[in-house]
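Please treat every number below as a calculation from the coordinates, not as lab data. Everything numeric here is computed off the predicted structure, so don't read it as measured data. Every residue, glycine among them, receives a Cβ derived from its backbone with ideal geometry; neighbour counts consider all protein chains shown.
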Amino acid sequence: MRKMHIWVSTLSILLASSVASATQWQINNNESQVNFISTKKVNIAEVHQFDKIAGNLAETGEFSLAIDLASVNTGIEIRDSRMKEFLFNVADFPKATITAQLSPEQITQITVGQTKPLSIDGFFELHGQKQEMTFDVLVTKVTENELLVVSSHPVILSVDDYKLTQGVEKLRELAGLPNISHAVPVSFYLTLNATN
């Protein structure tokens, strides 16, 4: 009887541990941001952002992030409208997405207050084009129910890889600029909250 009691207690602890580690994380849009930098006239750089993002990290380690391209915010309304229409073509391609697969242990092994650098292989899809890339991030477990994921350095996107060259050229013409850089640094910080 004593052995049975010990076995049941051990099983209960293991099941409780399994449930605790199997956490679903949801991106908090209000406390997250995706930024990109545009450079014009060779050395004039401006920081822009997207106001609406959504995504989650599943207990199995599957990560997804969707960026609402219509929420682009450059601080200038006419420029926002031109980007939506001529660059992103939001009517046909309303979102950009990032998908990746992590090992669940990469997250569960982080303790509260600890920051862990991770190099994550994934895919970025924009304007109907999908490219494989590596994201170097810093993951901090703020509390048991909150994660902070920050890019450790910007990801450099080439507009040529996503068939956005014509769109950039159209923006250049409309703005009367001599040039707009085809290399776009992107950075992000994401706050994720536990949902179970």
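Could you compute the net charge surrounding A91? Neighbours are other residues with a C-beta less than 9 Å from the C-beta of A91; K and R count +1, D and E count -1.
Spelling it out: positives minus negatives among the neighbours equals -1.
Looking at T134, L171, L148, which one has the Cα that reaches farthest to the positive end of the dipole of the chain (charges on Cβ: Lys, Arg +1; Asp, Glu -1)?
L148
Given charges of +1 on the Cβ of Lys and Arg and -1 on the Cβ of Asp and Glu, with all other atoms neutral, how large is the dipole of the chain about its Cα centre, in debye to the nearest 20?
240
If each residue's Cβ is checked for other Cβ atoms within 10 Å, how do E125, E46 rank with the fewest at the top?
By the 10 Å Cβ count, ascending, the order reads E46, E125.
Return one number: the angle in degrees, 0 to 90 and rounded to the nearest 10, between the long axis of the Cα atoms of helix 2-21 and the longest principal axis of the Cα atoms of the chain.
That helix lies at roughly 10 degrees to the long axis.
Dividing the alpha-carbon radius of gyration of the chain by 2.2 N^0.38 Å (N being the number of residues), what value is obtained?
For the chain, the normalised Cα radius of gyration is 1.28.
Can you tell me the dipole magnitude for region 90-196 around its Cα centre, using point charges on the Cβ only (Lys, Arg +1; Asp, Glu -1), in Debye to the nearest 20?
160
With an 8 Å Cα cut-off and a minimum separation of 6 or more residues, compute the relative contact order for the chain in percent. If you can, show how the numbers build up before the last one.
Details: 397 pairs, mean separation 47.4, N = 196.
The value is 24 percent.
Which three extents, in angstrom, do the Cα atoms of region 88-196 have along their principal axes, listed largest first?
51, 25, 21
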